[in-house]
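Please treat every number below as a calculation from the coordinates, not as lab data. These figures come from a predicted structure and were not determined experimentally. Positions of Cβ are generated from backbone atoms using ideal geometry, with glycine treated the same way; all protein chains shown enter the neighbour counts.
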Amino acid sequence: MSRIGQLPIPLPNEVQLSQEDGVLTVKGPKGALSRKLHPAISVNVEDGQIVCTRPSDSKDHRSLHGLVRSLVNNMVVGVSQGYERRMQVQGVGYRAELQGENLNLSVGLSHQVLVEPMEGISFEVGMDTNTRTPFMIIRGIDKEILGQQAANIRGIKPPEPYKGKGIRYAGEVIRRKVGKAGKAGVKK
């Protein structure tokens, strides 16, 4: 039994669902998303809820059941509420600012890095008033593209383990290493 696959997905009133030639299209107030789903798993609307069903209990069908249900749920949530990912820029002199729709990062490299948003992604930049560290908010309706954009930005300057400088997800815990201790009291 797939516990995730069995859960029905609530369908908000403002969201329309259509299926044609194995391509599922979900339209809502934030936009529209389409995805080709595996033909073995059927997606139906029953009593204002989306239900995914599988034809048999084979291993392949069981693994696809939860996957298809999660993909459809992510599409419904994306077009109705949208997704956002918060990131922090940690380090002395590190900055993040907007240039039009692009994100301009100064993160200790010899040059500034200009990040162009992927399709359907928007950036917001601010400064945390308590810690005085810059932060970025990445918004979009497609969870997969949003996660890829955030990973690309983090890859520009990942947090290093000694001082923790770099670009990190908000709430991410960086395992810190102890620096050189030196050999105190040892004479040659």
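Can you compute the modelled spin-label distance between K36 and S122, with each label point 7 Å from Cα toward Cβ, in nm?
3.1 nm
I'd like the trypsin sites (Lys or Arg not before Pro) in the stretch 78-187 restricted to DSSP loop residues with at most 10 other Cβ atoms within 10 Å, sorted by number.
Loop-located and lightly packed - R132, R175, K177, K180, K183, K187.
Amide H of I50 versus every other amide H placed in the peptide plane: which residues, excluding those fewer than 5 positions away on the same chain, fall under 5 Å?
Hits under the 5 Å cutoff: I9, L11.
Mean-square fluctuation check for the chain, GNM, Cα pairs under 10 Å: which of M136, M118, M87 is largest?
Ranking M136, M118, M87 by mean-square fluctuation puts M118 first.
In the neighborhood of D142, defined by Cβ-to-Cβ distances under 13 Å, what is the net charge if each Lys or Arg adds +1 and each Asp or Glu adds -1?
Values: positive: K30, R35, R85, R139, K143; negative: E84, E119, E144.
Once all neighbours under 13 Å are counted, the net charge is +2.
Scan the stretch 83-185 for chymotrypsin sites (Phe, Trp or Tyr not before Pro) in coil per DSSP, keeping those whose Cβ has at most 12 other Cβ atoms within 10 Å, and list them by number. List each step's numbers first, then the result.
Values: sites: Y83, Y94, F123, F135, Y162, Y169; in loops: Y94, Y162.
In loop regions of the stretch 83-185 (DSSP not H, G, I, E or B), the sparsely surrounded chymotrypsin sites (Phe, Trp or Tyr not before Pro) are Y162.
Taking 0.36 nm per residue of separation and subtracting the Cα-Cα distance, what length does fully extending I137 through R175 add? Don't skip to the end; give the middle numbers.
On the way: separation 38, 0.36 × 38 = 13.68 nm, distance 2.36 nm.
Computed gain between I137 and R175 is 11.3 nm.
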